[in-house]
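Encoded as structure tokens, the structure appears first; notes follow it.
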Amino acid sequence: MLRADQAPTTPPTPGQPPHPHQPPPLLTLADHERHALEVLDGPTRAYLFGGAADEITLAKNTTAWRALELMPRVLRPLAGGHTRVNLLGRTLPCPLLVAPMASQRLAHPDGEHATALAAAALGCGLVFSTQASTLLEDTAGLFLTEAVRGPLWFQLYLQPDRGFTRELVQRAEAAGFEALVLTVDAPVNGVRDAEIRSGFQLPPQVSAVNLRGMQPPNSAAPGQSALFNGLLHHAPTWSDVEWLLSITHLPVLLKGVVHPDDARQAIDCGAAGVIVSNHGGRTLDTMPATATLLPRVVQAVAGDAPVLVDGGIRRGTDVLKAMALGASAVLVGRPVLHGLASAGAAGVAHVLRLLRDELEIAMALSGCRTLDDAPGALWAPGPSQ
Ligand code: FNR
């Protein structure tokens, strides 16, 4: 059990009420969220945890997983069960990866280093953001020392300067990253009203250190759209995906693919997988929840490549439901930042541990010995069940 002030601590004696001056125990991801909201200032909260515009997609992501129902099967042999999955030629201890998230030193001074240590120790994967606040070589070095670790992937935002982008890819390859995750759903930031209203600005000690030395893109001429005639000149297109595939030996997954035709095109042009994501509700508001989008992408990809999903995963039951809908693994975003803000590496480890434990319990109670059994755990009203 992790307490809000320090992690980990001794659980209370069974039958004894907790000491009145002790903060309440952190037992769930929602507890970590509440605690993170208490310890961070308003602008930082708005940046880290907010969504775009009216935050409709942000809210839908969590409610859609909750709305799916599970249908347990009983009396099945469960001994020897496990949460292992195969992904891109490797067997992973569990189907959890930390989603790429920028500027983690806003949540805790140890930032991405703490997240990497915790994810590696828990056997979870790590997707490291282009906009991270620690050097990619340093964080990779920490993650790669752990024997039971999950996969280490580098999330790439194509930079206006393709030469700079190529060097970034080469640095990631040299540092030991095992795949690239090209994020394709954010050619521009969403309309992040909460963040703007709060006056959020990156403090001087937190910056995208891996992008140092990059030249800013050319701005639009007077009278032209700053967006369409400026920033979007450099936004990635399908030909950039082909270019990326041609300059790296690493597998490339596309993150932020939600239309089945885009998913099919991604695999046909050589992507090693797709990640169904709406950027955690931070880009285009009123998109459907990822739980709603996932099945059609899985159908379009038809088993030719892994399909991962993120957005709104807050319980082990959510992970089981994602696997039941055909995901190969899931990425977890904000809960990791909640744990990080709560208690650094110990907080992240606790969040990931809770999810793993809850997943095992959900599997056992649904009658799933392994995650191959997950599809049978989903309630589908009709004569077949
Ligand atoms: C993100 N996300 C993100 N995605 C990405 O591809 N590159 C990035 O640098 C970031 N940065 C980022 C910062 C913060 C503060 C958040 C909350 C999110 C999106 C992230 O990878 C993921 O898609 C969502 O966070 C998943 O939703 P949940 O789990 O946060 O609900």
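Values computed for the structure shown
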| read-out | value |
| --- | --- |
| Among (1) open to solvent by less than 70 Å² (accessible area, probe 1.4 Å); (2) within 11 Å of the ligand (Cβ to nearest atom); (3) touching a Gly at 6+ places or on another chain (Cβ under 8 Å); (4) within 14 Å of residue 280 (Cβ to Cβ) - the single one residue 60 does not satisfy | (1) |
| Yes/no for residue 230 being at pLDDT below 95, open to solvent by less than 30 Å² (accessible area, probe 1.4 Å) and either out of contact with any Gly (no Cβ under 8 Å at 6 or more places or on another chain) or closer than 30 Å to residue 40 by Cα (or both) | yes |
| Those residues of the range 197-224 which are more than 13 Å from the ligand (Cβ to nearest atom), within 26 Å of residue 110 (Cβ to Cβ) and in a loop (DSSP other than H, G, I, E, B), in sequence order | 199, 201, 203, 204, 205, 207, 212, 213, 214 |
| Residue list for the range 80-95, restricted to those being part of a loop (DSSP other than H, G, I, E, B) and touching a residue at least 40 places away in the same chain (Cβ under 8 Å) | 80, 81, 82, 83, 84, 88, 93, 94, 95 |
| Restricting the range 288-300 to residues that are crowded, with 22+ Cβ neighbours inside 10 Å and touching a residue at least 60 places away in the same chain (Cβ under 8 Å), the residue that is nearest to residue 68 (Cα to Cα) | 291 |
| Hits in the range 28-52 - residues which are surrounded by fewer than 19 Cβ atoms within 10 Å (Cβ to Cβ), outside any helix (DSSP H, G or I) and touching a residue at least 60 places away in the same chain (Cβ under 8 Å) | 28 |
| Among the candidates 194, 172, 179, residue that is open to solvent by 30 Å² or more (accessible area, probe 1.4 Å) and within 16 Å of the ligand (Cβ to nearest atom) | 194 |
| The one condition in (1) assigned to a helix (DSSP H, G or I); (2) more than 15 Å from the ligand (Cβ to nearest atom); (3) of a type outside the set (Asp, Glu); (4) closer than 30 Å to residue 225 by Cα that residue 160 fails to fulfil | (1) |
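The values are calculated or read from the model by the stated rules, or taken from the named source; none is laboratory data. In this text the structure is predicted, and so the values were computed from the model without any measurement. Don't worry about glycine lacking a Cβ; one is built from the backbone with ideal geometry, like all the others, and counts go over all protein chains shown. The area values use the complete protein model at the heavy-atom level, side chains included, leaving out ligands, DNA and RNA. Shrake-Rupley method; radii C 1.70, N 1.55, O 1.52, S 1.80 Å.
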